[in-house]
1. Enumerate the pairs (first residue in the range 12-29 and free of Cβ contacts under 8 Å to residues at least 60 places away in the same chain and assigned to a loop (DSSP other than H, G, I, E, B); second residue anywhere and open to solvent by less than 80 Å² (accessible area, probe 1.4 Å) and of a type in the set (D, E, K, R)) with beta-carbon separation below 7 Å, excluding pairs fewer than 6 apart on the same chain, so at least 6 apart or on different chains.
2. Does any residue of the range 162-180 turn out to be closer than 22 Å to A2 by Cα, of a type in the set (D, E) and surrounded by 13 or more Cβ atoms within 10 Å (Cβ to Cβ)?
3. So which residues in the range 197-213 are surrounded by 12 or more Cβ atoms within 10 Å (Cβ to Cβ), in contact with a strand residue (DSSP E or B) (Cβ under 9 Å, 6 or more places away or on another chain) and farther than 18 Å from Y4 by Cβ, if there are any at all?
4. Just to confirm my filter: which strands (runs of 3 or more DSSP E) fall fully inside the range 146-219 and include at least 3 residues that are aromatic (F, W, Y), at pLDDT 95 or above and within 19 Å of K128 (Cα to Cα)?
5. Note down all Cβ pairs under 7 Å where the first residue falls in the range 212-225 and is closer than 13 Å to T197 by Cα, the second is part of a loop (DSSP other than H, G, I, E, B) and open to solvent by 10 Å² or more (accessible area, probe 1.4 Å), and they're at least six residues apart or on different chains.
6. Any chance you could count how many residues in the range 69-119 are in a helix (DSSP H, G or I) and within 18 Å of E181 (Cα to Cα)?
7. Looking at the range 224-240, can you tell me whether even one residue there is open to solvent by less than 70 Å² (accessible area, probe 1.4 Å), over 18 Å from P170 (Cβ atoms) and not in a strand (DSSP E or B)?
8. Any residue at all in the range 120-141 that is part of a helix (DSSP H, G or I), among the aromatic types (F, W, Y) and within 20 Å of the chain's Cα centre (by Cα)?
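The values are calculated or read from the model by the stated rules, or taken from the named source; none is laboratory data. Just so we're clear, the structure is a prediction, and the values are computed from it rather than from any experiment. We place every Cβ from the backbone using ideal geometry, glycine too, and count neighbours over all the protein chains shown. Accessible surface areas use protein heavy atoms only, side chains included; no ligands, DNA or RNA. Shrake-Rupley method; radii C 1.70, N 1.55, O 1.52, S 1.80 Å.
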Amino acid sequence: MAVYFISDLHLSDSRPEINQVFFDFLRGPARQAESLYILGDLFEYWAGDDDLADPFNESIAAALAEYSRAGPVLRFMHGNRDFLLGGEFAKACGGHLIDDPHTLDLFGTPTLLMHGDTLCTDDLDYQKFRVQVRSPIWQKGFLALPLEQRKRQIESVRQTSESEKTRKAPEIMDVNQGAVEAVLREHVYPRLIHGHTHRPARHVHRVDGRTCERWVLADWYRTGSYLRCDERGCAPVQLH
């Protein structure tokens, strides 16, 4: 058996080709997994679970529900785009929301799962924004707004974010090595798997004389991929 990890799909109704890759993945390769972990940013954005009736959102939830009924365990983590995913969405999909970070024993190897945005500590503006929108008080107030108003506000934030990215140095939007080492130290030197940065790679860190493996998951903007882990280790797999 194996466990699969994906993140940063950024699914939306404006990208039908990638949506089809995702549907084919769920009905094909992913059926071989014991568990599938989606480590954030499944959607380009999520305005609240009361948007589940939207035809596109409903199609994604239905595909995930079909997948979970087939047997594999489905687990979700919030990303920076879909941090408002809630219990109703998880229930509709037959999945389970997990905290960030999340630890598990992966075939005998202690493994730490994260979305990855909290590791990008050099991006001070984003970290300040993250603290604000992850506040339960802020979320309660935002979710009390009419759905269409929420969507307009999200679109405005997205446009501002894309504009700001062009003015930021690339290294600011990558993980901070000190932050990575601190997390590895805090969790007793595990393997680390995360997404967010869209820079897929395998890194090896030496922390306090310990060797730690870090896998960065790929985004799904041009094609799809997943990280497959079993008792022999982990390896990325490209979807065609």
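1. Note: pairs meeting the criteria are S12/E44.
2. Initial filter on the range 162-180 (closer than 22 Å to A2 by Cα): none.
No: zero hits.
3. Let us first name the residues in the range 197-213 that are surrounded by 12 or more Cβ atoms within 10 Å (Cβ to Cβ), namely 197-200, 202-203, 205, 207, 210, 212-213.
Within this subset, residues satisfying the condition of being in contact with a strand residue (DSSP E or B) (Cβ under 9 Å, 6 or more places away or on another chain) are 197-200, 202-203, 205, 212-213.
Result: T197, H198, R199, H203, H205, C212.
4. Values: elements: 191-194, 201-207, 210-216.
So the answer is none; nothing clears 3.
5. V216/T197; V216/R199; V216/P200; L217/P200; A218/P200; D219/H198
6. In the first step, residues of the range 69-119 are kept if they are in a helix (DSSP H, G or I); the result is 69, 87-93, 117-119.
Now narrow it down to the ones that are within 18 Å of E181 (Cα to Cα): 117-119.
Summing the residues that are in a helix (DSSP H, G or I) and within 18 Å of E181 (Cα to Cα) in the range 69-119 gives 3.
7. As a first pass, look at the range 224-240 and keep what is open to solvent by less than 70 Å² (accessible area, probe 1.4 Å): 224-227, 229-230, 233-235, 237, 239.
If we keep only those that are over 18 Å from P170 (Cβ atoms) as well, we get 224-227, 229-230, 233-235, 237, 239.
When the remaining residues are screened for being not in a strand (DSSP E or B), the result is 224, 239.
The answer is yes, given that some residue of the range 224-240 is open to solvent by less than 70 Å² (accessible area, probe 1.4 Å), over 18 Å from P170 (Cβ atoms) and not in a strand (DSSP E or B).
8. yes
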